[in-house]
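Worksheet for the structure shown next.
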Amino acid sequence: MDRAQLADFLRTRREALQPEDVGLPRGARRRTRGLRREEVAVLCGMSADYYARIEQRRGPMPSEPMLAALARGLHLTLDERDHLFRMAGHNTPSRRPDTDHVPPGMMRVLDRLQDTPAQIVNSLAETLVQTPLAVALIGDETGFTGMDRSLVHRWFTDPYARRIYPEDDHPMHSRLLTSELRTAYSRQGADSRAGRIVDALLDRSEEFAALWSAHEIGVRREGDRKRIRHPELGILDLRCQALYDADQSRGLLVFTATPGTESHEKLGLLAAVGDRDPRR
């Protein structure tokens, strides 16, 4: 771990970002060049003291998940992310489509959607980052570990994963998620995380095995419609719009409702509901 170079690199990246670049208000009395340390800490999901100690050359060696969070929060490119890992004494992560890196441009778009339920997912249906209103709408999906990081795996192994969706919609979700996993499998091969999820689900879920054997590709929802059941607001009839990066390995999902509808009014109440987990 090169503490000095790591600290200097983080400081220069922090100073290069402006509040408006990450969806934060500038404020009338700002004197700091770029972002404040505590602002970076919030963006990266860590304590301000932890981040400050790293930038002051006196912190512990950051873990790989912590470095991935720093790369997302500071909007690093892949080359910058790899440099960050090397300075922290780690091997550089794989550049396969199933890694956790979020392109800076996509992060900039998400940062401007803080008043909208939105999230970024990868090709394995793993949620990488969410806006606060997305957490209020569907719960925090970033804290799972292992294969459960993938919604596809949770969908077929944990009944709890289905509770936010009306039961009538379950068959379509099952087909859609299986189709998306097959696309990832065909791109990444059997010796990949997608392949390991497929093998696990074939052993554990008869429903998945039957759908997998059907070889459906490109299943789509009608009009991108997605109904979500919220414990306080009831069922919201939404549209899930998706924006993909160039290689289709990351998707920015934005949840909207038709203006003037009851669901549109309910979306406006999400901020008052807060980050309570709607799956409970």
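The values are calculated or read from the model by the stated rules, or taken from the named source; none is laboratory data. Note that the structure is predicted; figures quoted are calculated from it, not measured. As a convention, Cβ positions derive from the backbone with ideal geometry for all residues, glycine included, and neighbour counts pool all protein chains shown. Quick note on the areas: whole protein, heavy atoms, side chains included, nothing else; ligands and nucleic acids left out. Shrake-Rupley method; radii C 1.70, N 1.55, O 1.52, S 1.80 Å.
Rounded to two decimals, the Cα-based Rg/Rh of the chain, with Kirkwood Rh, is 0.99.
With the Cα gyration tensor of the stretch 8-141 in hand, give its eigenvalues times 5 under a square root as the equivalent ellipsoid semi-axes, listed largest first in whole angstrom. Walk me through the numbers on the way to the answer.
Numbers: eigenvalues 97, 87, 34 Å².
Sorted largest first and rounded, they come to 22, 21, 13 Å.
Modelled spin labels at Arg221 and Gln241, positioned 7 Å past Cα toward Cβ, are 1.4 nm from each other. Rounded to whole numbers, the Karplus 3J(HN,Hα) couplings from phi for the stretch 114-130 are 5, 9, 9, x, 8, 7, 10, 10, 9, 5, 9, 6, 9, 7, 9, 7, 9 Hz, using 6.51 cos²θ - 1.76 cosθ + 1.60 with θ = phi - 60°, and x at Gly and Pro.
Rounded to a whole number, what % of the accessible area of the chain do carbon and sulfur atoms account for, probe 1.4 Å? Provide the component values of the computation, followed by the final result.
Values: 6740 of 13910 Å².
Within the chain, the accessible surface is 48 percent carbon and sulfur.
Amide H contacts under 5 Å for Arg227: Leu238, restricted to partners 5 or more places along the chain or on a different chain, H placed in the peptide plane at 1.01 Å from N.
With respect to the chain, whose longest principal axis is taken over its alpha-carbon atoms, helix 78-87 is tilted by about 60°.
Let's see if you can work this out: charge +1 on each Lys and Arg Cβ, -1 on each Asp and Glu Cβ, no other charges. What is the dipole magnitude of the chain about its Cα centre, in debye to the nearest 20?
Working: 43 positive and 42 negative charges, 198 e Å.
Around 960 debye, computed over the chain.
Between Arg29 and Ala190, the distance separating the two model label sites (each 7 Å from Cα on the Cα→Cβ line) works out to 6.5 nm.
Quick one: accessible area per residue over the chain, 1.4 Å probe, rounded to a whole number of Å²?
Details: 13910 Å² over 280 residues.
Counting only protein heavy atoms, the per-residue value for the chain is 50 Å².
Net length available on complete extension from Glu262 to Thr92 is 56.4 nm, with 0.36 nm assigned per residue and the Cα-Cα distance removed.
Viscosity 0.890 mPa s, temperature 25 °C: give me the Stokes-Einstein translational D for the stretch 176-223 in µm²/s, with Rh taken as the Kirkwood radius over C-alpha pairs.
Numbers: Rh = 11.0 Å.
In µm²/s, the coefficient rounds to 224.
Could you tell me which of Tyr50, Met66, Ala271 has its Cα farthest along the dipole of the chain towards the positive end, charges placed at Cβ (Lys, Arg +1; Asp, Glu -1), taken about the Cα centre? Among Tyr50, Met66, Ala271, the one farthest towards the positive end of the dipole of the chain is Tyr50.
Ignoring solvent entirely, what values of log10 I(q)/I(0) come out of the Debye formula for the stretch 180-267 at 0.11, 0.17, 0.25 Å⁻¹ when each Cα is a single scatterer? Computed log10 I(q)/I(0) values: -0.47, -0.90, -1.16.
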